Amino acid sequence: MFKWLLLFAGAGLFYLWIKGKKQAKLNAENSRKPNKNEPEQPTAPEAMVQCQYCKVHLPKSEVLTCDDRFYCSKEHLQTLDSEGWIGDARWRISPNQDVRPENVAPDLVVIHHISLPPGEFRNQASSQHIVDFFQNKLDPSAHPYFTEIADQKVSSHFLIARSGELIQFVSTHNKAWHAGVSSFLGREKCNDFSIGIEMEGDGDSPFEAAQYQVLSNLIQKLAATYPHLQFAGHSDIAPDRKTDPGMYFDWKKFQKETGISSEKLPFGLRSR
Ligand SMILES: [Zn+2]
Ligand SMILES: [Zn+2]
């Protein structure tokens, strides 16, 4: 009987010894595992940045960027924000702007064309001349034509370069100086109530497919904020002075791509 007791006690001690070893091993393993709540090594915290559109803070590695601005999502990048700026446009602010009359929201889009020097838009530098012009930075010595226009104070809200690049100069909340003396269906001073869009080009050649795509995309973004927009060419609102966007602006293509109703195109779809 005593033998049996000894055997049981021995077996019990052996069991406790094995269990103790296992626990020690487990403890050793656990101590090697990094604690999830603490960084393994003291590393510098990632820079946090703010979405330009909704102001949420996110780590810099998780955001989309355009120029030096950050966006939390594609949707916020591609929308007209509450300040009147399109996220995925390049922002090149023009001093040639002022406030709209009180309680006036834009209800007209005016399409223009521009190229600087006129007719020269085949190289990358040409659209930079337009940016310089709208920012009052045009170098008058760079081209004889520039001496004539360098002192003019003009701007538009948007420029669509030949490449399809979209540049914004003025918030849609503000008045850009693009229309001049003008009249839309009896309403004068069109700058007060319009958004100006310049297509890079001249009156003698078709615009690029990429330009129509970006234009149509832009119109959809603007229409989401300004549902009562109508559309006209500069020559429609200043017929004695202006010929742009000209014969080569394809109003039918414009209507087809934007899907806007013909009622919103009071000057029709013919080339002009
Ligand atoms: Zn956002
Ligand atoms: Zn014009």
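The values are calculated or read from the model by the stated rules, or taken from the named source; none is laboratory data. This is a predicted model, so every value here is computed, not measured. Don't worry about glycine lacking a Cβ; one is built from the backbone with ideal geometry, like all the others, and counts go over all protein chains shown.
Summary of values
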{"read-out": "Candidates Gln213, Gln220, filtered to the one that is farther than 29 Å from Asn103 by Cα and surrounded by fewer than 17 Cβ atoms within 10 Å (Cβ to Cβ)", "value": "Gln213"}
{"read-out": "Filter pass, Asp202 being in contact with a Pro (Cβ under 8 Å, 6 or more places away or on another chain) and within 26 Å of Lys252 (Cβ to Cβ)", "value": "yes"}
{"read-out": "When residues of region 67-97 are limited to those that are of a type in the set (Phe, Trp, Tyr) and over 17 Å from Glu165 (Cβ atoms), the one farthest from ligand 2 (Cβ to nearest atom)", "value": "Phe70"}
{"read-out": "Whichever residue in region 236-266 is assigned to a helix (DSSP H, G or I) and out of contact with any Phe, Trp or Tyr (no Cβ under 9 Å at 6 or more places or on another chain) and, among such residues, is farthest from Lys189 (Cα to Cα)", "value": "Lys256"}
{"read-out": "Every residue from region 233-252 that is surrounded by fewer than 16 Cβ atoms within 10 Å (Cβ to Cβ), of a type outside the set (Lys, Arg) and within 11 Å of ligand 2 (Cβ to nearest atom)", "value": "Thr243"}
{"read-out": "Qualifying residue in region 68-75 (condition: at pLDDT below 95 and closer than 30 Å to Asn217 by Cα)", "value": "yes"}
